[in-house]
């Protein structure tokens, strides 16, 4: 009987990095270790000694050293805690937030490591939620529309300010000398793999979803980039690479240096980098078309696989080899879900529910959920549009805002809480309908992430609204598990791993036994409410009523007025 | 130098009655006395010994004995406290909530005083907010529309379930034996004057605003009443009276019995009864066309005088002699104003503001006002439709509901609080615009009631939204003062009073010195926001989008479903 083999997955998040050590045979998670980034999200000023350099609002940076420290801190702990022999760890995979990118020298040294650039905010890692590149995104979109760029429809007609070229163009515009000094502009995910293996690779997932790359057509043309800015014409050849490696491949073997950081053996297989949401799909057992995976937390990311391209209204992107090699990965999203509930609890819940929760020793969310679960669908008379952070998919419009209708003097907090949950479910339903009407089948749904763990009412409402059974991934850390699975695939069957992510998923991923089945009775009521939701969605979202836009304009003018108010 | 003369006004409210003793020469209020009704609002069960008789929801009754106790308790206290000689009290006036009505025998004995009827809910006083006569109101309106009744436009096209004939018809339908036994159906206001003077009068204010009477056309036809129900054909002649006395007249002299209750002298002049809102108009110095009086509290009543009739969209009513003899009194209303702010504070304000208020020793409303007053108009990006209790004027639709749009993850409670204040101001602005576009001039505005006392931010927002200076009545109890003024007019100049309410108003009513002047800068922003409000108002209120109605329907169906929810 052969000895067990293990893989390690490292999930680089917004505030911390998390590593998990997994049994390759069955996906059992033996240990987890978390490192909270020393410099966290850098959004007010640079770290000392440059802490007098203040950042503008909407900036969000990270320190690449925190990624290295994550490796140094967590992997040795996994080994120590489990007693697993380094030689039995056959592969390592990582996943990351995205687009999270940085400028480096040609040898991969982050420019923020260099004294001459360390005081420049643009030298640091731009985190996914760095939002100050909106003017650049606007330019990218306007020019693409004008030129009829063929790649624009793949991204729902809009490139985000969070994405790679928006951020790159911001560096060029605001720090041209630093742009010039950058040998490479690279996703942090790929940079970490570079540090692990000693050579540069670029993964198909971030390239496809965040950098407008496609397997068939490559990047946008030099002519297009040149039209954005003549100095940007050769950004791909000068700062990036046209050699994109599909996820599911081996990036290389662990370097001596990285082996020293981690305690693993030099040469251990390292997978090509991946993105936290996308790597969760096989970890949620899904490797074939027809099942939607929802990564549910502060926001929701929806991923469906397809065997052919399709244009889906307002989707975030479709990337061949973006999620599972050989398939098209369709991505959509809702920009605020758990965030809306958190906003509500923080800003709109009166003391009585806080006291109720305290008496029962439960969270306020749970107290509200208990109260809300006693309501029948439709009973509150409330309906909301879930656009507290704009609309990411279908409408792709950050200027939309939250709306609630149906309030009376008898309306209570749990009713609004439930209406907000329902609104986010309606938002998902819109996305499911958009996929299906474009020929991308959504037969089953599997959820993962933080929300499904915590909120049974929410899951039941989603099942009842969408009219599909919901299953939940067994792992509570699907990104890290997914990364470990890709690590096992990078190792390959010969080394005790697997030859494909599909095979790895069959052995290493599981669903929970519990199912959220559709209540026909509730579904019938929600069909009616969804009809009303769609009417408001289309009314306010598709341009026939621009009150939301006008309120934004009035707001901007009010905020830009300089005189003090009376 | 002649000795001072005094008048007493008694304001019969929802929970209590309030009397004030006023110097006739200058309106100075020497003393106030309040009696809290022993049986309060009867809305759960009848008083003992019939307390096992439970009331359906939406019922609201009162005990007429509480009105008599108010006279017995408060007037002697006023005299004792001030030492004023009863002979120096020249007149008494009263005002009431309306329509608050009761069935009596032909001699004015309330049916609820009689053992045979005391256990019947329909024998008691139906308070203004008794809301269970909606089916009767629906019938009244449908039949009036079908028949093209000429009086319907005077009431904005809709008779309320709160009004006289809705309530009378409910008695007929649900307690026909009691209806048959009733010699009179009468406003409580007129009933109290009957008890004071010993003979029945009916005032033009309640007859006009609540009982579809007009000076020129009288009541609806017997044919109309007969079409509602054959037994209702002669309701006016059998249960009411066609002899309506204009407010401003003397109803009679105080009876021996009432003199004994009050300690006043028999024969003291008693004014024809009045309504709390309407009697406030001259107490707020207004006796001529061109100035709108707003009685601002849990709801708002708007009254403007005109010298000719006009049809104003969705107004509550227009009554000749309804407010000031010889003029047309136009009434409009907003069904929830202070109620919305109270709802918000009770249901939507998180602990931090309650704690802030506690630390400062102030009310939560004040804490929110402080925070909200730091915001610029438009800065929150929020806009609300103030229909938490439907829309009373312009749209006249109880099925409309509250809406708020513009919410983001950064939205804070004081921003919503301010948006709710602004929404009620926009609602008033709609009413002002409706008046003006129908030729009823609204030049100045005078506010009275509880809200203007307490909330300076609210008054400033109203001035800025409406674009008109706001003044505030000096008296904090304008209804009682107005009643005392009408008492002085009932006494007449010969007795030391006045010959007209205009004359009384000139001497006895005053405004505060403080003014709320329009900020041109804020007004300009509010013009933009009001434009957006009007668009949503018309969209949801005028039928082109019926989402609010559909939510009500779905809600009714959900509440009528009998099976327990999952």
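The values are calculated or read from the model by the stated rules, or taken from the named source; none is laboratory data. If you're wondering where the values come from, they're calculated on a predicted model, not measured in any experiment. Don't worry about glycine lacking a Cβ; one is built from the backbone with ideal geometry, like all the others, and counts go over all protein chains shown.
Just to be sure before I move on: is residue A:366 more than 14 Å from chain B (Cβ to nearest Cβ) and in a loop (DSSP other than H, G, I, E, B) in the structure I sent?
no
For residue A:551, all conditions in the list (1) within 19 Å of residue A:402 (Cβ to Cβ); (2) not in a helix (DSSP H, G or I) hold save one; what is the number of the exception?
Condition (2) is where residue A:551 drops out.
Could you tell me which residue of the stretch A:398-415 is modelled with the lowest pLDDT, considering only residues that are surrounded by 21 or more Cβ atoms within 10 Å (Cβ to Cβ) and more than 8 Å from chain B (Cβ to nearest Cβ)?
A:400
Give the residues of the stretch B:508-532 that are at the interface with chain A (Cβ under 9 Å from one of its Cβ atoms) and part of a helix (DSSP H, G or I), sorted by residue number.
Once the filter is applied, which keeps residues that are at the interface with chain A (Cβ under 9 Å from one of its Cβ atoms) and part of a helix (DSSP H, G or I), the stretch B:508-532 yields B:521, B:522, B:525, B:528, B:529, B:531, B:532.
In the list B:213, B:261, which residue meets the criterion of being out of contact with any strand residue (DSSP E or B) (no Cβ under 7 Å at 6 or more places or on another chain) and farther than 24 Å from residue B:145 by Cβ?
Being out of contact with any strand residue (DSSP E or B) (no Cβ under 7 Å at 6 or more places or on another chain) and farther than 24 Å from residue B:145 by Cβ holds for just one of B:213, B:261, which is B:261.
Is it the case that some residue within the stretch A:342-358 is surrounded by 20 or more Cβ atoms within 10 Å (Cβ to Cβ), touching a helix residue (DSSP H, G or I) at 6+ places or on another chain (Cβ under 7 Å) and closer than 29 Å to residue A:209 by Cα?
Among the residues of the stretch A:342-358, not one is surrounded by 20 or more Cβ atoms within 10 Å (Cβ to Cβ), touching a helix residue (DSSP H, G or I) at 6+ places or on another chain (Cβ under 7 Å) and closer than 29 Å to residue A:209 by Cα, which makes the answer no.
Out of contact with any helix residue (DSSP H, G or I) (no Cβ under 8 Å at 6 or more places or on another chain) and part of a helix (DSSP H, G or I): which single residue out of A:56, A:73 fits that description?
After applying the criteria, what remains is A:73.
Got a sec? Which of B:21, B:46 is more than 28 Å from residue B:498 (Cβ to Cβ), more than 20 Å from the chain's Cα centre (by Cα) and surrounded by 20 or more Cβ atoms within 10 Å (Cβ to Cβ)?
The conditions single out B:46.
In the stretch B:269-278, is there at least one residue being more than 15 Å from residue B:193 (Cα to Cα) and not in a loop (DSSP other than H, G, I, E, B)?
Yes - at least one qualifying residue is present in the stretch B:269-278.
Scan the stretch A:429-472 residue by residue and report those that are surrounded by 22 or more Cβ atoms within 10 Å (Cβ to Cβ), closer than 14 Å to residue A:289 by Cβ and over 20 Å from the mean Cα position of the chain (by Cα).
A:440
How many of the residues in the stretch A:211-243 are loosely packed, with under 15 Cβ neighbours inside 10 Å and in a loop (DSSP other than H, G, I, E, B)?
5
Regarding residue B:380, is this residue at the interface with chain A (Cβ under 8 Å from one of its Cβ atoms) and either surrounded by fewer than 18 Cβ atoms within 10 Å (Cβ to Cβ) or touching a strand residue (DSSP E or B) at 6+ places or on another chain (Cβ under 8 Å) (or both)?
Here the answer is yes, as residue B:380 does meet what is asked.
Examine the stretch B:445-459 for a residue that is within 14 Å of chain A (Cβ to nearest Cβ) and in a loop (DSSP other than H, G, I, E, B), and state whether such a residue exists.
No, the conditions are met nowhere in the stretch B:445-459.
What is the one condition in (1) within 14 Å of another protein chain (Cβ to nearest Cβ); (2) in a helix (DSSP H, G or I); (3) farther than 30 Å from residue B:94 by Cβ; (4) in contact (Cβ under 8 Å) with a residue 12 or more places away in the chain that residue B:430 does not satisfy?
So the condition that residue B:430 fails would be (1).
Could you tell me whether residue A:371 is more than 8 Å from chain B (Cβ to nearest Cβ) and farther than 27 Å from residue B:341 by Cβ?
Answer is no for this residue.
Of the residues A:375, A:420, A:382, A:395, which is at pLDDT 95 or above and under 29 Å from the mean Cα position of the chain (by Cα)?
Going through A:375, A:420, A:382, A:395 in turn, just one is at pLDDT 95 or above and under 29 Å from the mean Cα position of the chain (by Cα): A:420.
Filtering the stretch B:498-507 down to residues that are surrounded by fewer than 20 Cβ atoms within 10 Å (Cβ to Cβ) and more than 20 Å from residue B:470 (Cα to Cα), which residue is farthest from the other protein chains (Cβ to nearest Cβ)?
Ranking the qualifying residues of the stretch B:498-507, first place goes to B:499.
Being at pLDDT 95 or above, more than 25 Å from residue B:113 (Cβ to Cβ) and outside any helix (DSSP H, G or I) is the requirement here; does residue B:186 meet it?
So residue B:186 fails the test.
For residue A:403, work out the one condition from (1) at positive phi; (2) touching a helix residue (DSSP H, G or I) at 6+ places or on another chain (Cβ under 8 Å); (3) touching a residue at least 60 places away in the same chain (Cβ under 8 Å) it doesn't fulfil.
(1) is the only condition that residue A:403 fails.
In this structure, is residue A:137 touching a helix residue (DSSP H, G or I) at 6+ places or on another chain (Cβ under 8 Å), buried (at least 24 other Cβ atoms within 10 Å of the Cβ) and free of Cβ contacts under 8 Å to residues at least 60 places away in the same chain?
no
Hey, could you check the stretch A:325-339 for residues that are in a loop (DSSP other than H, G, I, E, B) and more than 9 Å from chain B (Cβ to nearest Cβ) and say which is farthest from residue B:412 (Cα to Cα)?
That would be A:326.
Here's a check for you: in the stretch B:340-354, which residue that is facing another protein chain (nearest Cβ under 7 Å) and assigned to a helix (DSSP H, G or I) is nearest to the chain's Cα centre (by Cα)?
By that ranking, first place goes to B:343.
Quick one: residue B:390 ticks every box in (1) facing another protein chain (nearest Cβ under 10 Å); (2) in contact with a helix residue (DSSP H, G or I) (Cβ under 7 Å, 6 or more places away or on another chain) except a single one, so which number is it?
Tallying (1) facing another protein chain (nearest Cβ under 10 Å); (2) in contact with a helix residue (DSSP H, G or I) (Cβ under 7 Å, 6 or more places away or on another chain), residue B:390 fails exactly one: (2).
Only one of (1) out of contact with any helix residue (DSSP H, G or I) (no Cβ under 6 Å at 6 or more places or on another chain); (2) surrounded by 14 or more Cβ atoms within 10 Å (Cβ to Cβ); (3) within 11 Å of another protein chain (Cβ to nearest Cβ); (4) free of Cβ contacts under 8 Å to residues at least 60 places away in the same chain is not met by residue B:550, so which one is it?
Residue B:550 satisfies every listed condition except (1).
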